[in-house]
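Since every read-out is calculated from the coordinates, none of them should be taken as a lab result. Since the structure is predicted, the reported quantities are computational estimates derived from the model, not experimental observations. Because the Cβ atoms are built from the backbone with ideal geometry, glycine has one as well, and the counts that use them run over all protein chains shown.
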Amino acid sequence: MKKRSDLLLLLPSLCGFTAFYIVPFLYSLYYAFTENAFSDKFVGLANFKMLLENEYFRLAAWNTFRFSILAVPVCMLFSFTVAMLIARFAAKSGILRSAFFLPIVLPSAVIVGIWNAYFAEAVPFASLLALFLWKYSGLNITLILTALLTIPHEQYEAASLDGAGAWQKTWSVTLPNILPSLFFTLILTIVNSLKIFRESYLLYGYYPDESVYMLQNYLNNHFAKLNYQNIGAAAVLFALVVYSIVAVLFALEKKWSDSIW
Amino acid sequence: MVKLRRILVVLILSALAVIMVMPIVLTVTRSFAPGLVGYTDFFLWKPYYLRLFCNSLLIASVGAVGNVIVSVLAAYVFAKVKFRGSGVLFFVYIVVMMMPFQVTLLPQYIVSRDWGIYDTPAALILPGIFSAFGTFILTQILKTMPDDIIEAAKLETGSTLRLLWYVVLPNLRGGIVCLLVLQFTELWNMVAEPLVLMETELKMPLAAMLNGDAPVVLAATVVFLFLPFLLYLLFSDTLREEVGSMVVK
């Protein structure tokens, strides 16, 4: 009885979430399988076939993939390294830690203004990568660093007594301890890599250089043309990909933490 | 030798830190290049931008506070109440959270038309309040809170709401502050959403309209930048000390 009233607390979130996120997605699902805006005839996978044959969609999908597959690991590695260095050599410096955290609270428009003023000639793809690192590594550093600082000293001392070197200690003490934080950070980083469109749009508008023409550009431009079927199919494909990524990540995390503990 | 290495590393870190902060310094200096024209324009002669600034303020603060309230309640259920389907539902939240706005842009536009919130602040505020990000982050944090504290407190307080207020909230302070700052910044920063869900220029948030090099735009950018910065300063200790520590197992 008690439990049922507890579940009521989920209700506000669930209603709003359904209204503003699930219902729109169901619309997409509906468009993805119907003939056109005026006919609701079921057409099977025809819309998906049309989409996959579209060369701009393929370009956009490839660019988005290329960006995330580069940006996410680079950002994770950079954040991890900086966090390790700060933890080891400058754990008490509040200024240093603030400096890294600052970009995340700053508006994209600011950095884009600067970028246009001083680096307008830079290669678009590299520019977006640099912007991504600049903006999001700070949050990762903060999260990883805090995790690092909570690892008990004794564990390192015990490892030293066993004759472990610096690398070995990183592998067998540091990593297992911060795994939950790393996992959390990784998910946030993937989310953020898909948000790079904001910077891309502010820098290059709706029709950017081919190398940074992302899925978000594609969807935006088809929105302007009100091409429901195309957008619906793309949304469903996108959701499938995200679903697979999350499923794999969860399985991996479970496996790793099981093998460690 | 060890000392030398330490100095070297700190120097490198400081150089990186300077790079991180540089754009902010440059923005501020650029805005003062033509003197104070930009600022007098912004505050006195061109109220257009001040109006947009107020729009942003309304959208971001209502959206962020609302999101915290809704997320705390939902996170408590996801983290501490066992019910069938909880795992699957949480998974759906995460998948949806990871999809960029553009994926459901067209149906969101249709939905906001259907409910008569198109071209009103509510079109941006409501999706902000119900964004899954808050639920995700607070649930992760709450999961690390020991169950026996909750059980013990349950026996003592009797009602779940009181339990939330006296036991969960104080323990969740860092996470709430973090979410508040991040969600505020996220809404403050929105660009694509207003361009799709609104059409009246005067109702837009400032972020969507900061284009160009006019002195008033540069000044508006600095004022715009100042608010999240202030929020950060206000909470910096909590943010630095507590945020990550709660995601740790």
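Does the stretch A:53-128 come out rounded, prolate or oblate by the C-alpha gyration tensor, with a ≥ b ≥ c the root eigenvalues, rounded set by a/c under 1.5 and, if not, prolate when a/b is larger than b/c and oblate if not? Here the stretch A:53-128 falls in the oblate category. For chain B, hydrophobic long helices are taken as DSSP H runs at least 30 Å long by C-alpha position along their axis with mean Kyte-Doolittle hydropathy of 0.0 or more; these are B:2-32, B:47-80, B:215-242. Across the options B:152, A:123, A:213, the greatest Cα extent toward the positive end of the charge dipole of the protein assembly as shown (unit charges at beta carbon of Lys, Arg, Asp, Glu) belongs to B:152.
Each Cα pair under 8 Å and six or more residues apart adds its sequence gap; the mean of these over the residue count of chain B is a relative contact order of 34 percent. Angle of helix A:215-224 to the longest C-alpha principal axis of chain A, folded into 0 to 90 degrees and rounded to 10: 30°. In chain B, taking the dipole from charged Cβ atoms about the Cα centre, the farthest positive-side position among B:192, B:182, B:45 is held by B:182.
Taking 30 Å as R0, compute the FRET efficiency from the Cβ-Cβ separation of residue B:148 and residue A:154 and round it to 0.05.
0.75
Annotation: lysines with alpha-carbon distance below 26 angstrom to residue B:80 (same-chain offsets under eight excluded): A:2, A:3, A:254, A:255, B:143, B:154, B:249.
The protein assembly as shown: Rg/Rh from Cα coordinates, Kirkwood Rh?
Ratio of gyration radius to Kirkwood radius for the protein assembly as shown: 0.97.
The angle between the Cα long axis of helix A:108-118 and the longest principal axis of the Cα atoms of chain A comes to about 90 degrees, rounded to the nearest 10.
Annotation for residue A:18 and residue B:69: the two label points, set 7 Å from Cα along the Cα-Cβ direction, are 2.1 nm apart. Across the stretch A:28-36, rounded Karplus estimates of 3J(HN,Hα) from the backbone phi angles (6.51 cos²θ - 1.76 cosθ + 1.60, θ = phi - 60°) give 4, 4, 4, 4, 4, 10, 10, 5, 7 Hz, Gly and Pro being marked x. Averaging over all projection directions, the Cα-based convex hull of the stretch A:84-224 occupies 10.7 nm² in the image plane. Per-residue Cβ neighbour counts within 10 Å put A:244, A:68 in the sequence A:244, A:68, beginning with the fewest. What is the average number of partner chain Cβ atoms found within 10 Å of a Cβ in B:12-25? Per-residue shielding by partner chains comes out at 6. When every alpha-carbon pair in chain B is counted, what percent end up more than 26 Å apart? That tail contains 53 percent of the Cα-Cα pairs.
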